[in-house]
1. Just one of the numbered conditions (1) assigned to a loop (DSSP other than H, G, I, E, B); (2) in contact with a helix residue (DSSP H, G or I) (Cβ under 6 Å, 6 or more places away or on another chain); (3) open to solvent by 20 Å² or more (accessible area, probe 1.4 Å) is not true of T204; which one?
2. List pairs: first residue in the range 39-54 and free of Cβ contacts under 8 Å to residues at least 40 places away in the same chain, second residue open to solvent by less than 10 Å² (accessible area, probe 1.4 Å) and assigned to a loop (DSSP other than H, G, I, E, B) anywhere in the structure, Cβ distance under 9 angstrom, at least six positions apart or on different chains.
3. Inside the range 237-282, can you point out the residues that are in contact with a His (Cβ under 6 Å, 6 or more places away or on another chain) and part of a strand (DSSP E or B)?
4. List pairs: first residue in the range 82-93 and in a loop (DSSP other than H, G, I, E, B) and open to solvent by less than 10 Å² (accessible area, probe 1.4 Å), second residue among the charged types (D, E, K, R) and modelled with pLDDT of 95 or more anywhere in the structure, Cβ distance under 8 angstrom, at least six positions apart or on different chains.
5. Kindly indicate whether D132 is in contact with a helix residue (DSSP H, G or I) (Cβ under 8 Å, 6 or more places away or on another chain) and either aromatic (F, W, Y) or in contact (Cβ under 8 Å) with a residue 60 or more places away in the chain (or both).
6. Could you identify the single residue in P177, P212, P133 that is crowded, with 23+ Cβ neighbours inside 10 Å and either under 20 Å from F111 (Cβ atoms) or at pLDDT 95 or above (or both)?
7. For the range 61-77, which residues satisfy the criterion of being at pLDDT 95 or above, surrounded by fewer than 23 Cβ atoms within 10 Å (Cβ to Cβ) and either aliphatic (A, V, I, L, M) or closer than 21 Å to M256 by Cα (or both)?
8. Is there a residue in the range 100-107 that is open to solvent by less than 40 Å² (accessible area, probe 1.4 Å) and under 12 Å from F68 (Cβ atoms)?
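The values are calculated or read from the model by the stated rules, or taken from the named source; none is laboratory data. Given the structure is predicted, the values throughout are model-derived calculations rather than measurements. Note that we place each Cβ from the backbone using ideal geometry, even for glycine, and neighbour counts take in every protein chain shown. The accessibility values were calculated without ligands, DNA or RNA, using every heavy atom of the protein model including side chains. Shrake-Rupley method; radii C 1.70, N 1.55, O 1.52, S 1.80 Å.
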Amino acid sequence: MKKVCVALSSLLLVACTKVGLGVANLPHTFSDTKTTKDIAYGSESWQKLDIYVPPHAADESLPVIVFFYGGSWKDGSKDMYPFVGEAFAKKGYITVIADYSKYPQVKFPRFVEDGTKAVAWTYRHIADYQGDPERLFVAGHSAGAHIGAMITADKQYLQAEGLTPSVINAFAGLSGPYDFVPYEEDYRDMFGPPENYPNMQVTTFIDGKEPPMLLLWGADDTIVGKSNMDKLIAKIHAEQGSVESKIYEGVGHAAMVAGLVWFLKSKAPIVEDVDDFFQRHR
């Protein structure tokens, strides 16, 4: 069994490949978590989401997490992440995982707008799945953490959907690129021109009134620098907002999401830390 777990961990840590994630999702096949797939949250073909509901009493209403996966705003699919739904289901959360548009088909801020529509749909319809819209949380990894943080901090997105960030109880970001300047050509094209860069930096919109944030980062991350978290923390503190953070030693970028695989031993108790934070902000 130990050898199997080591092999699975190795697969997961190879840049979050579809093969590794596929192996991680095998336990979902035998799970009693109820999954409803491909629910439309908008009119576009890619605007679909999946809902993971843990077993619970018929008269019980559960807290809800909307989770955005990473992939450099260019790759990924909700179909790769049932293990995330399983991880939070074991903590008693309904989990919503939404697809969103990708570059180069679209540029910023379209994928943030998609994410916002998914949050708005969840707030308005999750009660139909025994979810409690008054206990709604947002989380994400990497590019997904950027999307979730933008929705949480920049009021214009939810306002365009007739809501405000106050519908979000709290946000948890795993290794998010919250404040950076694009240098690679594709990212310059994705977020540019340069005068538009402040609009994609979460720090631009922090005013101290945004929902509480939990920022998590792995000390071995060579993809998203610690400065992203540090700058966001500094801005929230300057505006007297609410933020907590944790750094996990010996954990890299991909391992931050691999740590959500419930049957693998992780150096980072991410699910427990996120759950503790959300419990305190219900």
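1. Every listed condition holds for T204 apart from (1).
2. A40/Q47
3. None - no residue of the range 237-282 is in contact with a His (Cβ under 6 Å, 6 or more places away or on another chain) and part of a strand (DSSP E or B), so the list stays empty.
4. That search, which allows pairs on different chains as well, returns Y93/D275.
5. Criteria met by D132.
6. None of the other options fit; the residue is P177.
7. L62, S72, K74
8. At the first step, the residues of the range 100-107 found to be open to solvent by less than 40 Å² (accessible area, probe 1.4 Å) are 100-103, 106.
From what is left, the residues that are under 12 Å from F68 (Cβ atoms) are 100.
Yes, the range 100-107 has at least one match.
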